[in-house]
Structures are given as C-alpha cells and as structure tokens.
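Throughout, read-outs are computed from the coordinates displayed, never taken from laboratory work. Note that this is a predicted model, so its numbers are computed, not measured. So basically every Cβ, Gly included, is an ideal-geometry build from the backbone, and we count neighbours across all protein chains shown.
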Amino acid sequence: MLAHLRVLASEIGPRVSTTIEERQAAEYIAGQLEAAGYATTIEPFDAGSTVDGSTVTLADGSTLESTRALLNTPNLAASGRLVRAGLGRAVDLVDIDLQGAILMLDRGVVQFGTKALNAQNAGAVALIIINNVPGPLVNGTLGETDVSIPVVGVDQPDGSALTLLVDGGETVQVVADLQSITAPSWNVVGRRGEQCSAYVGAHYDSVALAPGGNDNGSGTATMLELARTHRAGGLCFLAFGSEEVGLVGSSAFVEGIDADRVGFMLNLDMMGKRTRPAFIAGSDSASRQLADRAAAVAAKAGYEVPREAFPRSASSDHASFSAAGVPAITITSGNDEVIHQPLDTFENVVREDLAAMLEIAALVLQDLLLR
C-alpha cells in the first residue's frame, strides 16, 4: 500500500481532473489491477475542468508561481502600484489612497467576497490575497458578490516578496485568467467474471497543487490491496477520475450498470489519518442498513466506527451508487486539516492508521462476501 501511495503522491503528484498526471495515475492503477488477475479497462468520459493561467508580473518581467485566481473573479488584467492593508475590513481602508492601486490583503476574518467588494469600493483596480497557511490559495471563491476587479491569491513567500516592493512604488500587473474546459477523464475498472455483482472503489484524482496523499492516495492504495487479497467472482474494483470536480467519474460509471444485480458498493475515501473513522451511508434505507452492518462488524473486532453523515457541503462516490439504487457506503478515517493543500503528501499518511483502516475495510468486505 505504501508503495502505491508513494507512486501516486510522490512520483506522479497532483492528479487534477483531465490532466496528463491523472492519466498517468490511471495507467498505473490499471497495471496493478492487471497484475492482480483482473480484466482491466480504462474507460473515458467527459469532465468539466478549469485551467488557471493567472499571473502576477513584476516590473522585471518575472512572475509569481503561486498565483491562483479566486472562483467567480472576472477574467481581467490590471496594473498599478502596490498597497498593503491588513484584512480588508471597510474600516481598514478608509484613510488609504487606493485609487488605481493593486491592494494586498491577508487571508482571514473577512470573507473573500467582502474583501474584494471593499477593495473595489475603495478604488483598487485589483486585489491580491496572501494565504495565511502554507501553500497557494486554492479553491477560494468570491461567492455571488458583484466584483468587477481581478482577484488572485498567492502563498506566503510570494506575499512577502511583494510586500518588499510596496515602499518603492513599483508597478505590477495582475491577470486573472480562469477558463472552463471539457476534456477526457478516466475510470479504471478491474473485473472478475462477466457480471459485476459488487464493487469496491476509490477516487484517485486530487485538486490542483495537492499531491493527494490522504485524499485520496490512501483510499486508492487500500482499494488496490483489497483487490490483490480478495479475488472473488463478480467482485469488481473501481478507481474513479474527476471526483473532486463533482463525482463526475462515478456518475458516468453508474449510467452503464444494472443496479438490480449489484449487492453493494464500498467506497474508500481518506483512509490514512484516523481523526474520526466513520461509515457514511447513502440517503436510502438499504445504504443505512449496510452502514449499520459494517459498524457491527467493526465493533466485533474492537473498532468503534459509527454510521455518520458528511457535512452538507461534502460528498463522495458512494452517493452516485446510492442514487442509482445500489446500497453504498463510504469508509473513511475522518477529516484531515491539510486535505486539498500542498501539505497532503505521502508523509501526511500515518502508517498505523492506514493499516487499521485496511483491516476494517477487509473485515467488512469479508462479511459481505459471506452472505
């Protein structure tokens, strides 16, 4: 499992939907399933994704590599002198001349959309937000605010470099360029027998700049180890692409299955850091019963893993199967404060926790195969 994790998180790295790296990961997973004796296919589907070409360019022509556009920012360019002004509360900006300036603010306390509106109303032509945690500012959003200036984020080292330029009056250029595209992504399917009567799956993609060690290299590695050790007729193994952009891979896959002939689906998502292990059920009664059965199996082995629910804003690939009529649960070791960040590396996964979650998943799978 650690060998799989090292390939995915360290050698390939971030596996963003529709990218070359996502395809490389799919090919690696397919090779491992084939070696374990499965008839394996890499199945393409179309996925929406984004390409971020945003830049902050200095007077000498150099650019800041950590620049990322905030979601819902207009794709615009602006140039101006730099001004730095705290957190961006309206009161912070009252006595500052921001006409024609590019404002730099620290992340925190004030929502991104409010920061941007306050900057715009004070006369700034662009906004740069400096992250308050290590790594670039990824997946920040302005929400539904009516912002008409470009807004980007940078990491702490780049923010410090910009701050050194404030007193010199140097002009910089900000370009927000976030484009939506549709391109191929891939599911990997390992089959034993002509008809799949049960599934074990995990998504293998990650978000931009995140190596995806725990989310979800850990689940993918667990899936591959279960495939190697639990070969049974009709039990098929899945690796989903494009989960991070809306469960797209699993949604595409379930369109082609006969749900009435499938007994269960176990989804493995974030298995490498035990903060709050849980079985997350789909919304239907059969999935809730499956989660309760799994919890009983775990309890018998000495593991307290209750049935719980994701927060309203979160989900995983079990939901696609549950919606299609297949009893489905996600097995997870719990939330991780560094998911979707550059710190979610190979080293972020705790070996002992990964081993324990493998044992829990294996016990549940064995119990279900015996019924």
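Things worth noting here:
- Simple point charges give the picture: +1 on the Cβ of Lys and Arg, -1 on the Cβ of Asp and Glu, and for the range 54-176 a dipole about the Cα centre of about 180 debye.
- Binning the C-alpha pair distances of the range 1-118 at 5 Å intervals from 0 yields a P(r) profile of 2, 8, 13, 14, 13, 10, 9, 9, 8, 6, 4, 2, 1, 0 %, listed from the shortest bin outward.
- Listed values for the range 343-349 are Karplus-derived 3J(HN,Hα) couplings in whole Hz (6.51 cos²θ - 1.76 cosθ + 1.60, θ = phi - 60°), namely 6, 7, 9, 3, 5, 6, 7, and x replaces Gly and Pro.
- Global dimensions of the range 292-371 from alpha-carbon coordinates: Rg and Dmax equal 14.3, 42 Å.
- Ordering Ile339, Gly13, Ala355 by the projection of their Cα atoms onto the charge dipole of the chain, which places +1 on the Cβ of Lys and Arg and -1 on the Cβ of Asp and Glu, puts Ala355 at the extreme positive end.
- In the frame of its principal axes, the range 272-312 has Cα extents of 27, 22, 12 Å, reported largest first.
- Peptide ranges 104-117, 136-149 listed from the most packed, as the mean C-beta count within 10 angstrom indicates: 104-117, 136-149
- The P(r) of the range 192-317 has a tail past 17 Å containing 62 percent of all C-alpha pairs.
- Derived scalar couplings ³J(HN,Hα) [the range 36-49; Karplus, 6.51 cos²θ - 1.76 cosθ + 1.60; whole Hz; x for Gly, Pro]: 8, x, 9, 6, 10, 10, 9, 10, x, 8, 8, 9, x, 9
- Amide H within-cut-off set for Leu71, under 5 Å, with H built and near neighbours excluded: Gly140, Thr141, Leu142
- Using alpha carbons only, the radius of gyration of the range 54-176 set against its Kirkwood radius gives Rg/Rh = 0.91.
- The Rg/Rh ratio for the chain is 1.05, where Rg is the radius of gyration of the alpha carbons and Rh is the Kirkwood radius.
- Other-chain or far-sequence residues with amide H under 5 Å of Ala47's (modelled H): Ala183, Ser185
- Per residue, the convex hull spanned by the alpha carbons of the range 152-234 comes to 121 Å³.
- Given +1 at the Cβ of Lys and Arg, -1 at the Cβ of Asp and Glu and no other charges, the dipole of the chain around its Cα centre is 920 debye to the nearest 20.
- Extreme residue, positive dipole direction of the chain, given options Ser251, Ala296, Phe45 (C-beta unit charges): Ala296
- Options Val174, Pro157, Met104, ranked by Cα towards positive dipole end of the range 76-233, top entry (Cβ charges): Pro157
- Here the range 27-92 and the range 316-330 have alpha carbon centers that stand 29 Å from each other.
- Put simply, the amide H of Phe279, placed in the peptide plane, has neighbours under 5 Å in Arg307, Glu308, leaving out anything fewer than 5 places away on its chain.
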